[in-house]
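First the structure, in the form of structure tokens, and then the observations on it.
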Amino acid sequence: MLLSATTTRAAGREYYQIQVYHLRDQQQQQRVEAFLKDAYLPALHKLGIPKVGVFEPVGNDTAADRRLLVLVPYQSLQQWQRVTTQLEQPKVYGAAGQQYWQAAHDQAPYTRLENILLESFSDQLKLQTPPLTGPRPERIYELRSYESATQAQHLNKVQMFVQGDEVGLFKRLGFNAVFYGRVLAGSHMPNLMYMTTFENKAARDAHWKQFGESADWKKLSARPEYQDNVSHIDMQFLHPMAYSDF
């Protein structure tokens, strides 16, 4: 009943799952990438998810905690529940996924797998494929997380994006947003997350400079009802993998 009630209340909204693979070394990364490319993404495509994003952080090859991020969009909570159940069956991956699925406890392909579930801000703000045309290796995807001190302040920040038209400002300035979502389940709550894209790092920096200098932003950020609604911001700069659908 809870699932049905939630779905009815949020009719028309999308849901996004961000999976974060934490990896010890290059060997683990290669194993996970082989699984994602040859088994996981093909399985999701067959199960009705046409576009899946796979990204790695800038500087990932020298990080102590290597990561791979997978973005999976769902049209409803029912679809998320159905696909998640099907993905727990090894046969869905075929032969390409068996080495990963049957890994021994002391040969695990990752150190930990983190999952974040998000709901789109509204039924009008849905996932977009960015219209980038430059060289793929140079593209920058920026994933931002805005934490709030309380749930009320978190909802106020969501309102600032939607009713306050912070989303509209991003659109007018050409930020190429992929998604906007509030986190329903994750390790840092209450918070919202969104992803924007740019042809390269220089374009990203130029866009944010323009945003900070915008009269619309200065006016919006000065409104008294939107003060102190963010307590912490995390930013991740990402490159799309060659096999990513985004």
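Please report the orientation-averaged projected area of segment 7-112, defined via the convex hull of its C-alpha atoms, in nm². Provide the component values of the computation, followed by the final result.
On the way: hull surface 29.5 nm².
Average of the hull's projected areas for segment 7-112 equals 7.4 nm².
Relative contact order of segment 139-246: what whole-number percent is it, with Cα pairs under 8 angstrom and at least 6 residues apart? Before the final figure, lay out the partial values.
Numbers: 156 pairs, mean separation 50.6, N = 108.
This gives 47 percent for segment 139-246.
Counting Lys and Arg as +1 and Asp and Glu as -1, each charge on the Cβ, what is the dipole of segment 45-122 about the Cα centre in debye, to the nearest 20?
Values: 7 positive and 7 negative charges, 65 e Å.
With only Lys, Arg, Asp and Glu charged at Cβ, the dipole is about 320 debye.
Name the most mobile residue of Asp61, Asp106, Asp165, meaning the one with the largest mean-square fluctuation, in a Gaussian network model of the chain with Cα contacts below 10 Å.
Asp106
How much length is gained on full extension from Asp61 to Leu117, taking 0.36 nm per residue of separation minus their Cα-Cα distance? Before the final figure, lay out the partial values.
Details: separation 56, 0.36 × 56 = 20.16 nm, distance 2.67 nm.
Length difference between fully extended and current span is 17.5 nm.
Cα centroids of segment 73-148 and segment 10-50: how far apart, whole angstrom?
Here the two parts' Cα centres lie 4 Å apart.
Between Phe211 and Ala103, how high is the FRET efficiency from 1/(1 + (r/R0)^6) when r is the Cβ-Cβ distance and R₀ = 45 Å? Nearest 0.05.
Details: r = 44 Å, r/R0 = 0.98.
Efficiency at R0 = 45 Å is approximately 0.55.
Only Cα pairs within less than 10 Å get springs; with that Gaussian network setup on the chain, which residue of Leu68, Leu113, Leu125 has the largest fluctuation?
In this elastic network of the chain, the residue with the biggest mean-square fluctuation among Leu68, Leu113, Leu125 is Leu113.
Averaged over every viewing direction, what's the projected area of the C-alpha convex hull for segment 134-246? Give it in nm², one decimal, please. Please list the in-between numbers first.
Numbers: hull surface 30.1 nm².
Here the figure is 7.5 nm², rounded to one decimal.
Work out how much length Gln89 to Gln227 would gain on full extension: take 0.36 nm times their residue separation and subtract the Cα-Cα distance, in nm to one decimal.
Extra length from Gln89 to Gln227 when fully extended: 44.9 nm.
For Lys209, go through the lysines and keep the ones whose alpha-carbon is under 17 Å away, minus same-chain ones fewer than eight residues off.
Lys171, Lys201, Lys218, Lys219
At what distance in angstrom do the alpha carbon centres of segment 178-207 and segment 153-172 lie from each other?
13 Å
Hey, what did the chain get for relative contact order, percent, Cα under 8 Å, at least 6 apart?
Across the chain, relative contact order equals 27 percent.
Dipole of the chain, Cα-centred, from +1 at each Lys and Arg C-beta and -1 at each Asp and Glu C-beta, to the nearest 20 debye? Numbers along the way, then the final one.
Working: 26 positive and 25 negative charges, 86 e Å.
Its charge dipole is roughly 420 debye.
Any read-out appearing in this document is the output of simple, stated calculations on the displayed coordinates, not a laboratory observation. Note that this is a predicted model, so its numbers are computed, not measured. Cβ coordinates were reconstructed from backbone atoms using ideal geometry, including for glycine residues, and neighbour counts include every protein chain displayed.
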